[in-house]
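Trainee: Once you've had a glance at the structure underneath, I'll fire off some questions.
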Amino acid sequence: MTEKKLKELLESMTLEEKVGQLVQCNAGQFIENTLDITGPEGEALPAEDLCRVMGSVLTFEDAAQARALQDMHLAADPKKIPLLLMLDVIHGLRTTYPIPLAMGGSFDDDLMTECADMARKESAACGVHVTFNPMVDTARDGRWGRILETCSEEPLINSRMGAALVKATQGEDLSRPENVACCVKHYAAYGAPEAGRDYNTVEMSERQLRETYLPAYKACLDAGARLIMPAFNSLNGIPCVANRWLMRKVLREEWGFRGVVISDYNAVGELVTHGVAENPKEAVRLAMEAGCDIDMVRNAYYQYLPALVREGTIPEKDLDEAVMRVLELKNELGLFENPYHGADEALEKELYLCPAHRDIARRAAEETAVLLKNEGILPFPKTVRRIALIGPFAEEKHLDGFWSRPGAWKDTVTLPEGLRALLPEAELMIERGCGAEIGAVDESGIERAAAAAAGADAVILTLGEEEGDSGEGRSRAEVTLSRPQLALARRVLAANPNTAVVLFNGRPLVLTELEEMAPAILEMWYPGTEAGNAVARLLFGEANPCGKLSVGLPRRTGQYPMPYNRVNTGRPKPQPDSRAFPFTSCYLDTPNLPLYSFGYGLSYTSFRYEDLTLDRETIGREDALQATVTLTNTGKRAGKEAVQLYLRDPVASVVRPVQQLIDYRKVALAPGETAKVCFTVTEKQLRFYDFDCREVSEPGRFELSVGWADHLMLTRRFELKKD
Ligand code: NOJ
């Protein structure tokens, strides 16, 4: 449709029809007409008209339903403005790939592209027009249950992976039926709730916000994301959906964003609960004034916006602008010409869980697994005959993680399935031992599990956190393994030390006690559909672990928040980080450093880093320097290594981190092979926000290092010249 036609369409719309474009309900409410629309104002349309005016629907099931919803709506709407269909496709639709927190640990943007591309195809075939993805809330606190949805504690990873996902999902041309629009979320700083409790308030300096939290949203918008979702939380006193500074000043004015802003689920209505609006009508006014275009579910806009416009509180011009943004998105998606977009039942069947997609999901699960410890027992030889498979996840199918599609778990390959496929001759002895749920007490299965372990050649001990214990609204005050699991580990490891622990969890867990007793630990996070195959191949050496930690693992929950890029303080604790020193920044009862730091992860091969060289010692603002390091695979297996480049700015006008990841690259090397890994560093990477919140770089000395957080191996200095 031409721009002129769109304008004519807008001009032809009644007030109710315009408001309808800004309202969203879920498929159930839409079909059954159950959205509660009676409010004190009596302004809302009668229930039967809901289907006619509704602008968008979220959370539907499949292509058939997508078509049916569109048909229902178009039959009722004389203006024939198609519905927008939205869904949370976070880490795969039907073929589930690992949770984002695992994906970040791949340090491999191309892997993210491949996975997102697969999700795009399945989503488009399902009839999705908009996915509520990527979620790029930088998070440094494992108590927060939604940490699994972010790629990392490091904004650079969130920015790069988020941008890769946006590009792969949206493609070049949104009108093509195989492409899907992205909604980046949750703007802003939702990943930093006080005390790690979901939905809790966020208080932080503008400097911190701009430096650590805003860049990833901006990177996704720069990559072309068409929508953005303000977060549930209040930020420095103002709930994000009513935060004019965030949305009008930063988003629209500074960043020039012209796409659609959609609230989170009932976030407009919740302005009343936050205590910043007296009633829902005031909530609507605040959200509209702040620049929120669509009201997701619970229909506050639907009930009160017409009255606010009629009485002149909200200028009709503002309403028109918001409606136009929605119409433009529909137009860009080509919905006026093809309202079903990619919805295609036959293609759905063909794509879901097809071998090519399973293959991507399996590789992703393998390449995001982090080998935390290995005292020479892994990989197990494929000749083992008796394998004890123990623990709460031994036969579990729920290995997909939060935001996998309802029922997707039914297709997940379990560990016994994966092991039997790889080792058909081996005998499997399976004992659950105990449960993984928070507060579990039943230890009655432990002795049987220990007996099975004692009689095995190799033991796989699965531990972790139940799938439902991380995700939205799933915060924890202690991020520990349940007591029975630790008791199980003790008994099984005593019965047979040839035991590898395999972990399934959606957040960093405290592994301090486990680490002392287990000779090998493999962190799988929630690996998705191909879980069992990936685990089997990793444990028996068909695949070589190459994931790194996208977030540090604490020694104790009390260390949170625990960013790897901390500042030095005036009284840093001397290293080594083994005992407390009075009058330094330390804990009396716990070391400062995490048990495993950000960027850490082992392999079945070994890598040598040498000769970090810089091609120049000084740079000006317009220059670029090349940092090159020589990497050699010194082991006997092919492997991949995530080479990480860190920066330190030792003296600046404000305190700067002791280490800051500024670039990374995943490198594959055959045994004995050497590669020169080269990074380009420019003045832009040296910038930070100064005391007055201006983005600056300051001349002076800088250090570049390779390694991983808290273990920087090689360091070189250079200088940024004065202008
Ligand atoms: C609430 C969540 O916070 C958000 O991430 C999600 O996209 C919406 N619900 C829609 O399901």
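Only the coordinates and a few stated rules stand behind these numbers; no lab work does. If you're wondering where the values come from, they're calculated on a predicted model, not measured in any experiment. Because the Cβ atoms are built from the backbone with ideal geometry, glycine has one as well, and the counts that use them run over all protein chains shown.
Trainee: In a shell of Cβ-Cβ distance under 13 Å around L9, excluding L9 itself, what net charge do Lys and Arg (+1) and Asp and Glu (-1) give?
Mentor: Net of charged neighbours comes to 0.
Trainee: Just to confirm a number: summing +1 for Lys and Arg and -1 for Asp and Glu over residues other than V479 whose beta-carbon lies under 15 angstrom from that of V479, what do you get?
Mentor: -1
Trainee: How many percent of the alpha carbon pairs in the stretch 49-118 exceed a separation of 18 Å?
Mentor: On the way: 1267 of 2415 pairs.
The calculated P(r) of the stretch 49-118 puts 52 percent of pairs beyond 18 Å.
Trainee: Give the Rg (one decimal place) followed by the Dmax (whole number) of the stretch 207-299, computed from C-alpha coordinates and expressed in Å.
Mentor: When restricted to Cα atoms, the stretch 207-299 yields Rg and Dmax of 12.8, 38 Å.
Trainee: Quick check: convex hull of the Cα atoms in the stretch 525-608, volume per residue, rounded to a whole Å³?
Mentor: 138
Trainee: For the stretch 174-215, state the average projected area of the convex hull of the C-alpha atoms over all orientations, rounded to one decimal in nm².
Mentor: Details: hull surface 17.2 nm².
Answer in nm², one decimal: 4.3.
Trainee: Charges on Cβ only, +1 for Lys and Arg, -1 for Asp and Glu, centred on the Cα centroid of the stretch 607-720; of P699, Y609, L645, which one is farthest towards the dipole's positive end?
Mentor: Selected residue: Y609.
Trainee: Then there's this: Structure shown: which of K4/K218; K79/K330; K666/K721; K4/K281 lie over 24 Å apart, alpha-carbon to alpha-carbon?
Mentor: The pairs that break the limit, which is 24 Å between Cα atoms, are K4/K218; K666/K721; K4/K281.
Trainee: Right, another one. Residues in the stretch 579-616, backbone N under 18 Å from the label point at K382 (7 Å along the Cα-to-beta-carbon vector): list them, ranges by number please.
Mentor: Under 18 Å, as judged by backbone N against the label point of K382, lie 604-605 of the stretch 579-616.
Trainee: Could you tell me the center-to-center distance, by alpha carbons, between the stretch 103-145 and the stretch 329-368 in angstrom?
Mentor: The stretch 103-145 and the stretch 329-368 have Cα centres separated by 13 Å.
Trainee: Given an 8 Å cut-off on Cα distances and at least 6 residues of separation, report the relative contact order of the stretch 592-633 as a percent.
Mentor: Normalised by residue count, the contact order of the stretch 592-633 is 43 percent.
Trainee: How big is the gap, in Å, between the Cα center of the stretch 52-70 and the Cα center of the stretch 658-723?
Mentor: When both Cα centres are located, 48 Å separates them.
Trainee: If you don't mind, another one. For the chain, what does -39500 (n - 2.57) per DSSP helix run (n ≥ 4), summed and divided by total residues, give at 222 nm, in deg cm²/dmol to the nearest 500?
Mentor: Dividing the helical sum by the residues of the chain leaves -8000 deg cm²/dmol.
Trainee: A further question on this structure: Straight-line reach from K722: which lysines have a Cα under 17 Å away, not including same-chain ones fewer than 8 places off?
Mentor: Output for K722: K684.
Trainee: Mean separation of Cα pairs under 8 Å and 6+ residues apart, divided by the residue count of the chain: what relative contact order is that in percent?
Mentor: Once divided by the residue count of the chain, the mean separation gives 14 percent.
Trainee: Could you tell me which of rounded, prolate or oblate describes the stretch 529-662, using a ≥ b ≥ c as the square roots of the eigenvalues of the alpha-carbon gyration tensor, with rounded for a/c under 1.5 and, failing that, prolate when a/b is larger than b/c and oblate otherwise?
Mentor: Since a/c reaches 1.5 but b/c is at least a/b, the shape of the stretch 529-662 is classed as oblate.
Trainee: Additional query: If you average over every viewing direction, what projected area does the convex hull of the Cα atoms of the stretch 577-723 give, in nm²?
Mentor: Computed as one quarter of the Cα hull surface, the answer is 10.7 nm².
Trainee: Taking the radius of gyration and the Kirkwood hydrodynamic radius from Cα positions alone, what is the Rg/Rh ratio for the stretch 17-347, to two decimal places?
Mentor: 0.95
Trainee: Kirkwood hydrodynamic radius, the chain, all distinct C-alpha pairs: what's the number in Å?
Mentor: Every distinct Cα pair counted, the radius reaches 26.8 Å.
Trainee: Still on this structure, please answer the following. With an 8 Å Cα cut-off and a minimum separation of 6 or more residues, compute the relative contact order for the stretch 535-644 in percent.
Mentor: Values: 150 pairs, mean separation 31.8, N = 110.
Computed value for the stretch 535-644: 29 percent relative contact order.
Trainee: What do you get for the angle between helix 109-126 and the principal long axis of the chain? Use alpha-carbon atoms, 0 to 90 degrees, nearest ten.
Mentor: With both axes taken from Cα atoms, the answer is about 40 degrees.
Trainee: On a 26 Å Cα-Cα criterion, which of the cross-link pairs K349/K410; K18/K349; K548/K676 come out too long? Intermediate values should be presented prior to the final figure.
Mentor: On the way: K349/K410 16 Å; K18/K349 37 Å; K548/K676 20 Å.
The pairs that break the limit, which is 26 Å between Cα atoms, are K18/K349.
Trainee: Now for a different question. Using a 10 Å cut-off around each Cβ, can you sort K410, K349 from fewest to most neighbouring Cβ atoms?
Mentor: Listed from fewest to most nearby Cβ atoms, that is K410, K349.
Trainee: Okay, next question. Under 16 Å Cα to Cα from K397, which aspartates and glutamates show up? Leave out anything in the same chain fewer than 8 places away.
Mentor: Leaving aside aspartates and glutamates fewer than 8 places away in the same chain, those within reach of K397 are D411, E417, E431, E437, E465, E466, E467, D469, E530.
Trainee: How do W525, W409, W245 rank when sorted from fewest to most other Cβ atoms within 10 Å of their own Cβ?
Mentor: Final ranking by Cβ density, sparse to dense: W245, W409, W525.
Trainee: Taking the dipole about the Cα centre of the stretch 607-720, with the C-beta of Lys and Arg at +1 and of Asp and Glu at -1, give me whichever of Y689, L631, V658 is farthest to the positive side.
Mentor: Result: L631.
Trainee: Note down the net charge around Y560, summing +1 for each Lys or Arg and -1 for each Asp or Glu among other residues with Cβ under 10 Å from its Cβ. List each step's numbers first, then the result.
Mentor: On the way: positive: R140, R143, R556; negative: D141.
That sum, taken over residues with Cβ under 10 Å, equals +2.
Trainee: Let me ask another. Taking the Cα centre as origin and putting +1 on Lys and Arg beta-carbons and -1 on Asp and Glu beta-carbons, what dipole magnitude results for the chain, to the nearest 20 debye?
Mentor: So the dipole magnitude of the chain works out to roughly 1900 debye.
Trainee: For helix 483-495, report the angle its Cα long axis makes with the longest principal axis of the Cα atoms of the chain; keep it between 0 and 90° and round to the nearest 10°.
Mentor: For helix 483-495, the angle is close to 30 degrees.
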